[in-house]
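Novice: Questions regarding the structure given below will be posed in turn.
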Amino acid sequence: TFFRSLHKNYFCFRRKIASKTVAAKIQLSAKKEAKDERKSFSTLQEERREQAERSVLISCPPNISETKFLKHMSRHGNINNCFFYESFGIYAVVEFSEKESIASLREATSIPSIQHETAVPFKTRLLSVKANNFSLPSSQPSVQCLKQTPIGIKELILKLSREDSIDQQLYSLMEEYQLTEENICLRFLVCSLLKDIAAAYFPECIIRPFGSSVNGFGKLGCDLDMFLDLDAISGRNIKQAGGGLSLEYQLKKTASERAATQSILSVIGECVDQFGPGCVGVQKILNARCPLVRFAHQPSGFQCDLTANNRVAMKSSELLYLYGGLDKRVRAMVLSLRCWARTHGLTSTIPGAWLTNFSLTAMVIFFLQRRSPAVLPTLDQLRDLAGPGDKCTIEGNDCTFVSDFSWMQDQKNTETLEHLLQEFFVFYGNFAFSRMSVNIRKGKEQNKPDTFPLHIQNPFEPSLNVSKNVNATQLERLVTLCQESAWLLQEGGASGRGPARDSPWGMAALLLPSLSQSVRTKGRKRKAREPASERIKSLLDSLKSGKNGSSAKPH
Ligand code: GTP
Ligand code: MG
């Protein structure tokens, strides 16, 4: 319940717009953002990580004066950017131009004297403003915070209904749902703050965000998946010194790599729990296929999953980022379909037999590879485009693919989003799931190697099925929802706008609860018939067994 209420919490952000210079800076950063779309994944991640190292997170009193606050902070150096948001109070993210400013700020920051409790003196870059003279009289408006959660579904449906085309609806949904620049900065900052904690054990470690925080398909409010990267420590090969002698560290041995990951996550999880300010509800889930530490980071409002030794997931995030950057229709389509799937309960925040966002995204990519001409290249084609620096093998699996966008040519496929959406539903409404597997490496259906209802080959671990968890009921719901959605779009199409300006049409109509309700009712009717036929079968059985004295099984 706590996590749920945390998610529901109202967060606000606001970019500082205090002067013309800042406004100009924002224009510059908007241009930068457009360029960022084409930056390679590792370049962008590295830039953001470095930016986070120069940033601090500060809890502020409710009626803080922005001017006084910024004036005070700039005593420690030039401020590149600053924004405010709300999460159990007001917080400011302050990014300095130089890392040295952080040292200066730390010097001037004191340990609070707590009267009735004791606090662990563990110093991090999560600070609080205490002085009263920073505050304005309560009658004056305080800092402005930008709202940070996406608009509610009802509001979204209304907004989409007012758009002029289905293409516009999908782009509009993307604009509303996608992560903002500030939200991404905050995600990197939380990783950086946690790195400071993990650094108590592993000084050279890096904590990197992965999954939807960085793959371009994240929705505001999505979880923060993190990966504790120790490669900079363990992977280092120091050149042999002269004289034929070399030194190496003595290390404690563990039974397996998994056992090492578990013990590392166990101690770091303990440290986050005991000493990490703002980290609450820490759960160590060490026996999962991929061991993790889960907790809520209260000051940011993020639900966090910290993993270690998870390089393949990092590579999958990079691949999705690349696919999302190849054509502007991809992100709009994936975000819209993620929203559609969530609205109709095809995906869930609770683990179970549901489709995951990762599997759904692979399905969209596969569909776009199957168009003629293709919207997206296959993973094998991306591998063939790779340069020497892109070569990557993880646990014996080839994870090589091109990392930059320089090879891109003009898109041959010019289908509208409306058409692609319609075709997506037709494609999966008729897909031979019982025989065929979705394979983005080949970009072609393959024969299913197992009997799981849905088979989506893991792009980097070909023997694994990423949708092994999906049961027959959930797959059936997906197919029925695709069929219903295809039908609805066909009925309405671009001219499907209702007579009233606000009546839901196109993508908005696909998000109405009535769609999944009608699918549910069909399912119930089918189920309601089942016990009856079962009853008849068992009646026949009992008759047979009465006659023959044997208990024959129903056919
Ligand atoms: P959200 O639902 O918005 O959190 O999307 P997400 O893409 O972040 O998914 P999730 O948090 O479930 O997983 C994080 C990342 O782990 C994904 O982006 C993938 O890179 C990876 N991942 C998730 N599920 C699987 C899986 O079943 N197999 C493999 N190989 N990787 C997975
Ligand atoms: Mg995630």
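The values are calculated or read from the model by the stated rules, or taken from the named source; none is laboratory data. In this text, all values refer to a predicted model and were calculated from it rather than measured experimentally. Virtual Cβ from ideal backbone geometry, glycine too; neighbours counted across all protein chains shown.
Novice: State whether one or more residues within the stretch 444-465 are at pLDDT 95 or above, under 20 Å from Leu335 (Cβ atoms), away from ligand 2 (no atom under 16 Å from the Cβ) and part of a helix (DSSP H, G or I).
Specialist: No, the conditions are met nowhere in the stretch 444-465.
Novice: Quick one: Ala255 ticks every box in (1) among the small types (Gly, Ala, Ser); (2) away from ligand 1 (no atom under 16 Å from the Cβ); (3) crowded, with 18+ Cβ neighbours inside 10 Å bar one, so which box is it?
Specialist: With (1) among the small types (Gly, Ala, Ser); (2) away from ligand 1 (no atom under 16 Å from the Cβ); (3) crowded, with 18+ Cβ neighbours inside 10 Å applied to Ala255, the lone miss is (3).
Novice: Return yes when Val402 is among the hydrophobic types (A, V, I, L, M, F, W, C) and part of a loop (DSSP other than H, G, I, E, B) and no when it is not.
Specialist: Yes, satisfied.
A quick yes/no check of all residues on (1) under 21 Å from Phe460 (Cβ atoms); (2) within 16 Å of ligand 1 (Cβ to nearest atom); (3) in contact with a Lys or Arg (Cβ under 9 Å, 6 or more places away or on another chain); (4) modelled with pLDDT under 95:
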| position | (1), (2), (3), (4) |
| --- | --- |
| Thr347 | no, yes, yes, no |
| Ile350 | no, yes, no, yes |
| Thr356 | yes, yes, no, no |
| Leu360 | yes, yes, yes, no |
| Met363 | yes, yes, no, no |
| Arg370 | yes, no, yes, no |
| Leu379 | yes, yes, yes, no |
| Gly389 | yes, no, no, yes |
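Novice: Among the residues of the stretch 266-287, count how many are within 16 Å of ligand 1 (Cβ to nearest atom) and aliphatic (A, V, I, L, M).
Specialist: Within the stretch 266-287, the first condition is being within 16 Å of ligand 1 (Cβ to nearest atom), and the residues that meet it are 283, 285.
Add one more test, that the residue is aliphatic (A, V, I, L, M), and what stays is 285.
Going through the stretch 266-287 one residue at a time, the tally reaches 1.
Novice: Evaluate the following for Gly269: is it more than 23 Å from Phe217 (Cα to Cα), surrounded by 15 or more Cβ atoms within 10 Å (Cβ to Cβ) and modelled with pLDDT under 95?
Specialist: On the way: more than 23 Å from Phe217 (Cα to Cα): yes; surrounded by 15 or more Cβ atoms within 10 Å (Cβ to Cβ): yes; modelled with pLDDT under 95: no.
The answer is no for Gly269.
Novice: Okay, next question. Has the stretch 413-427 got at least one residue that is within 23 Å of Val330 (Cβ to Cβ), in a loop (DSSP other than H, G, I, E, B) and of a type in the set (A, V, I, L, M)?
Specialist: Residues of the stretch 413-427 within 23 Å of Val330 (Cβ to Cβ): 413-427.
Those left that are additionally in a loop (DSSP other than H, G, I, E, B): 413-416.
Cutting the leftovers down to of a type in the set (A, V, I, L, M) gives us none.
No, because not a single residue in the stretch 413-427 is within 23 Å of Val330 (Cβ to Cβ), in a loop (DSSP other than H, G, I, E, B) and of a type in the set (A, V, I, L, M).
Novice: Could you check how many residues of the stretch 373-400 are in contact with a helix residue (DSSP H, G or I) (Cβ under 8 Å, 6 or more places away or on another chain), of a type in the set (Gly, Ala, Ser) and exposed (fewer than 14 other Cβ atoms within 10 Å of the Cβ)?
Specialist: 0
Novice: Checking the condition within 16 Å of the chain's Cα centre (by Cα), farther than 28 Å from Glu395 by Cβ, within 15 Å of ligand 2 (Cβ to nearest atom) and among the basic types (Lys, Arg), which residue from Arg294, Arg338 passes?
Specialist: Arg338
Novice: Go through (1) exposed (fewer than 13 other Cβ atoms within 10 Å of the Cβ); (2) at pLDDT 50 or above and name the single condition Lys547 misses.
Specialist: (2)
Novice: Related question: Of the residues Thr356, Thr414, which single one is β-branched (Val, Ile, Thr) and free of Cβ contacts under 8 Å to residues at least 40 places away in the same chain?
Specialist: Thr414
Novice: Go through Cys304, Cys290 for me and flag whichever is at pLDDT below 95, closer than 30 Å to Tyr177 by Cα and either away from ligand 1 (no atom under 13 Å from the Cβ) or not aromatic (Phe, Trp, Tyr) (or both).
Specialist: After applying the criteria, what remains is Cys290.
Novice: Still on this structure: Considering only the stretch 203-228, how many residues are touching a residue at least 60 places away in the same chain (Cβ under 8 Å) and away from ligand 2 (no atom under 12 Å from the Cβ)?
Specialist: 6
Novice: Kindly evaluate Val312 against the criterion of being in contact with a Gly (Cβ under 9 Å, 6 or more places away or on another chain), at negative phi and not in a loop (DSSP other than H, G, I, E, B).
Specialist: Answer is no for this residue.
Novice: Name the residue, out of Pro453, Pro449, that is without any contact (Cβ under 8 Å) to a residue 40 or more places away in the chain and touching a strand residue (DSSP E or B) at 6+ places or on another chain (Cβ under 8 Å).
Specialist: Details: Pro453 fails: touching a strand residue (DSSP E or B) at 6+ places or on another chain (Cβ under 8 Å).
Pro449 is the lone residue from the list that is without any contact (Cβ under 8 Å) to a residue 40 or more places away in the chain and touching a strand residue (DSSP E or B) at 6+ places or on another chain (Cβ under 8 Å).
Novice: Still on this structure, please answer the following. Within the stretch 311-323, how many residues turn out to be small (Gly, Ala, Ser) and crowded, with 22+ Cβ neighbours inside 10 Å?
Specialist: 2
Novice: Shifting gears a bit: When both residues are 6+ apart or on different chains and their Cβ atoms are under 7 Å apart, which pairs have a first residue that lies in the stretch 296-321 and is more than 25 Å from Leu57 (Cα to Cα) and among the acidic types (Asp, Glu), and a second that is more than 8 Å from ligand 1 (Cβ to nearest atom) and part of a helix (DSSP H, G or I)?
Specialist: That search, which allows pairs on different chains as well, returns Glu318/Phe41.
Novice: Any idea which residue in the stretch 401-434 is farthest from His455 (Cα to Cα), counting only those that are surrounded by 19 or more Cβ atoms within 10 Å (Cβ to Cβ) and among the hydroxyl-bearing types (Ser, Thr, Tyr)?
Specialist: Taking the candidates together, the pick is Ser403.
Novice: If you check Arg338 against the conditions, is it in contact (Cβ under 8 Å) with a residue 60 or more places away in the chain, out of contact with any Asp or Glu (no Cβ under 7 Å at 6 or more places or on another chain), closer than 24 Å to Phe433 by Cβ and surrounded by 16 or more Cβ atoms within 10 Å (Cβ to Cβ)?
Specialist: Yes; evaluated as a whole, the condition is true for this residue.
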